[in-house]
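Here is the structure we will look at.
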Amino acid sequence: MVKCIIRRGHLILILETLVNLGLLFFAFAIIVLFFQKRRTLPKFYISFLAMSLVFVLIDHLTLMNFKPIADQLTSADTRDTTRTVISSLIWISYFMTSKRVKATFVEPKK
């Protein structure tokens, strides 16, 4: 039983690390697109926010169901997850509907 818990904990840690590295590289690509004012930035940024949101929700739910860690989760962790959900939804809706975003990011792919 203990070996199973340790393996599951290692798997969670490895998957979290890989997803966070992927999001980090994606964030660097978004920074480049932002400064180049590329037309594709809104789609990339919305995708980034959506992937981050899904990852945060899955991560929080997984940790809530993982007994050794579930006892250590606090209301601050839930508050941070909620804050991430709300801010992501606000930015996604802004990037989808804003005329300013459509007017700013106009450069085609070179």
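Read-outs: derived from the displayed coordinates by stated rules, not from any lab. Remember, predicted model here, so these are calculated numbers, not experimental data. Every residue, glycine among them, receives a Cβ derived from its backbone with ideal geometry; neighbour counts consider all protein chains shown.
Projected onto its three principal axes, the C-alpha set of the range 18-69 covers 46, 16, 11 Å, listed from the longest axis down.
Backbone N atoms of the range 73-110 closer than 17 Å to the 7 Å Cα→Cβ label point of Lys37 belong to residues 99-110.
Take the Cα of Ala27, step 7 Å toward its Cβ, do the same at Asn65, and the gap between the two points is 2.7 nm. 3J(HN,Hα) along the range 41-58: 4, x, 5, 5, 5, 5, 4, 4, 5, 5, 5, 4, 4, 4, 4, 4, 5, 5 Hz, from the Karplus curve 6.51 cos²θ - 1.76 cosθ + 1.60 with θ = phi - 60°, whole Hz, x for Gly and Pro. Placing +1 on each Lys and Arg Cβ and -1 on each Asp and Glu Cβ, with no other charges, gives the range 2-104 a dipole about its Cα centre of roughly 560 debye. Within straight-line reach of Lys37, meaning a Cα separation under 19 Å, sit the following aspartates and glutamates at least 8 residues removed in sequence or on another chain: Glu107. Remark: the range 2-104 projects, on average over all directions, an area of 7.2 nm² (convex hull of Cα atoms).
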